[in-house]
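Beneath this line is the structure, given in structure tokens, with notes to follow.
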Amino acid sequence: MKKKFVLLITGLTIAIISLALIQLGTISSFTSSRSDSDKMQGISTVEDNQRFLIKLVSNNSITPVYVEIADDVEERARGLMFRNSLEWNNGMLFIFEEERNLTFWMKNTYIPLDMIFINKDLRVVYIKENAQPCLEENCIIYPSNQPAKYVLEVNAGFVEKNKIKIGDRLEM
């Protein structure tokens, strides 16, 4: 009886620890049967600029990008402001709660960027190339011309160099 009780407690403890690690993102909770869109929901923000590998996939190529995640109001508002540089093949992935027409600006952003707007199905739906820094009070607004749920910001010239186009897809 005592041995069964100890085994039960041990099993429950392992289950609780596993659930906690999954919640913290230490153990991946993804399965191959989940869609890419579902997987995007599992990305969580990590402090200290930790980056996640994503891929932009076209018919001819796969382009890796290491991204920081901006998935809450404060992180999305701050974005890449006040940064003097961004490593090539690095960027920031903005994640919104729902798909809609989005607007971005370059307020207090020191480096030119390409903005890649991506829908809920993880397809590129709009691209704004070479958005210029704005250090003034009134900045240009860059609207998506299609509903998007994600926006990937990368160095200006990235889209052209990697031949990213409408219809390409985001992959994890």
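What is the percent of Cα-Cα separations in segment 69-149 that go past 19 Å?
Tail of P(r) above 19 Å: 34 percent of Cα pairs.
Taking segment 56-129, which GluC sites (Glu not before Pro) meet the DSSP loop condition and have no more than 10 other C-beta atoms within 10 Å?
Passing both the DSSP loop test and the Cβ count: GLU87.
Taking the Cβ of ILE118 as the center, what net charge do the other residues with Cβ under 10 Å away carry, scoring Lys and Arg +1 and Asp and Glu -1?
Result for the neighbourhood of ILE118: +1.
Provide the FRET efficiency to the nearest 0.05 for the THR103-ASN59 pair, computing r from the beta carbons and using R0 = 25 Å.
After rounding to 0.05, the efficiency reads 0.25.
FYI, it's all coordinate maths here, none of it is from the lab. On a predicted model such as this, the values are computed, not experimentally measured, just so you know. Note that each Cβ is placed from the backbone with ideal geometry, even for glycine, and that neighbours are counted across all protein chains shown.
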